[in-house]
Amino acid sequence: MLRGRQRWRGMSRSPGRIRYESVTPLATETEVGELLHRRGWRTAFTVADQVDAWAALVSVIERGYGDDIYEYTNDLYCRNWLYEAWLLLDEHVVQIWTPRIKALDDQYKAATIDDDGQALDQFHRLPGPDLWWWRRHPRILTGDLGRSLHSAGAIGTDPDTA
């Protein structure tokens, strides 16, 4: 069985959050959710919960995310949870969910601009480089988020011309 980076390059151990000695694949999504909850996540999420949250966020970003910068950075954490869970999940669970997450990641990349995190870093300390979604911002800049990112030098598309 492959673990960590060997499973899928897009999801490997997050620096500083998962101790090496505790990176042992668990049998169920429930066990992973409970373990991550004990490690500081606010509840024992399931993979389905966080995939649904990632899908909802990607969908909103595609249309133009109008909430504020703090809500946006909070919303990005659903992808962090998936990243952390991947080391711990049983290989069978990983195989089931990877195509859906990869498709959502591709949608996110299409709806965002890679600026190496320069705009978001003005508002939120960026995590390690493996968490690539933190180094991108929405292509369509609208509402409070758009104003904040514009003020940090982000270049995007006006929602009326997208």
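Going residue by residue through the stretch 136-150, is there one that turns out to be more than 15 Å from TYR65 (Cα to Cα), assigned to a loop (DSSP other than H, G, I, E, B) and either modelled with pLDDT of 95 or more or open to solvent by less than 30 Å² (accessible area, probe 1.4 Å) (or both)? Working first, answer last.
Residues of the stretch 136-150 more than 15 Å from TYR65 (Cα to Cα): none.
Checked against the condition, which is being more than 15 Å from TYR65 (Cα to Cα), assigned to a loop (DSSP other than H, G, I, E, B) and either modelled with pLDDT of 95 or more or open to solvent by less than 30 Å² (accessible area, probe 1.4 Å) (or both), the stretch 136-150 yields no hits at all.
I'd like to know if the stretch 116-133 contains one or more residues that are in contact with a Phe, Trp or Tyr (Cβ under 8 Å, 6 or more places away or on another chain) and of a type in the set (S, T, N, Q). Looking for residues that are in contact with a Phe, Trp or Tyr (Cβ under 8 Å, 6 or more places away or on another chain) and of a type in the set (S, T, N, Q), one finds none in the stretch 116-133, hence no.
Scan the stretch 106-113 and give yes if some residue there is part of a loop (DSSP other than H, G, I, E, B) and surrounded by 15 or more Cβ atoms within 10 Å (Cβ to Cβ), otherwise no. Scanning the stretch 106-113 turns up no residue that is part of a loop (DSSP other than H, G, I, E, B) and surrounded by 15 or more Cβ atoms within 10 Å (Cβ to Cβ).
Quick check, is ARG125 more than 12 Å from the chain's Cα centre (by Cα), within 25 Å of ARG147 (Cβ to Cβ), among the basic types (Lys, Arg) and not in a helix (DSSP H, G or I)? Yes; evaluated as a whole, the condition is true for this residue. Scanning the stretch 104-134 for residues that are charged (D, E, K, R), in contact with a strand residue (DSSP E or B) (Cβ under 8 Å, 6 or more places away or on another chain) and farther than 17 Å from GLU62 by Cα yields one hit, ASP115.
Residue check: is ALA154 of a type outside the set (Val, Ile, Thr) and touching a helix residue (DSSP H, G or I) at 6+ places or on another chain (Cβ under 7 Å)?
Details: of a type outside the set (Val, Ile, Thr): yes; touching a helix residue (DSSP H, G or I) at 6+ places or on another chain (Cβ under 7 Å): no.
Considered against the rule, which asks whether it is of a type outside the set (Val, Ile, Thr) and touching a helix residue (DSSP H, G or I) at 6+ places or on another chain (Cβ under 7 Å), ALA154 comes out as no.
How about the stretch 85-113: which of its residues are among the acidic types (Asp, Glu) and at pLDDT below 95? Talk me through it step by step, then tell me what you get.
Quick first cut of the stretch 85-113, residues among the acidic types (Asp, Glu) only: 90-91, 105-106.
If the condition is that a residue be among the acidic types (Asp, Glu) and at pLDDT below 95, then ASP90, GLU91 are the ones that fit.
Summed over the stretch 49-76, the residues that are within 17 Å of ALA119 (Cα to Cα), crowded, with 17+ Cβ neighbours inside 10 Å and under 14 Å from the mean Cα position of the chain (by Cα) give a count of 4. Comparison of LEU82, LEU88, LEU145 shows that the only residue that is closer than 19 Å to VAL58 by Cα, in contact (Cβ under 8 Å) with a residue 40 or more places away in the chain, out of contact with any Gly (no Cβ under 8 Å at 6 or more places or on another chain) and aliphatic (A, V, I, L, M) is LEU82.
Being of a type outside the set (Gly, Ala, Ser), within 26 Å of VAL32 (Cβ to Cβ) and touching a residue at least 60 places away in the same chain (Cβ under 8 Å) is true of ASP105.
The values are calculated or read from the model by the stated rules, or taken from the named source; none is laboratory data. Note that the structure is predicted; figures quoted are calculated from it, not measured. Cβ coordinates were reconstructed from backbone atoms using ideal geometry, including for glycine residues, and neighbour counts include every protein chain displayed. We work out accessible area using only protein heavy atoms, side chains counted, and drop any ligands, DNA or RNA first. Shrake-Rupley method; radii C 1.70, N 1.55, O 1.52, S 1.80 Å.
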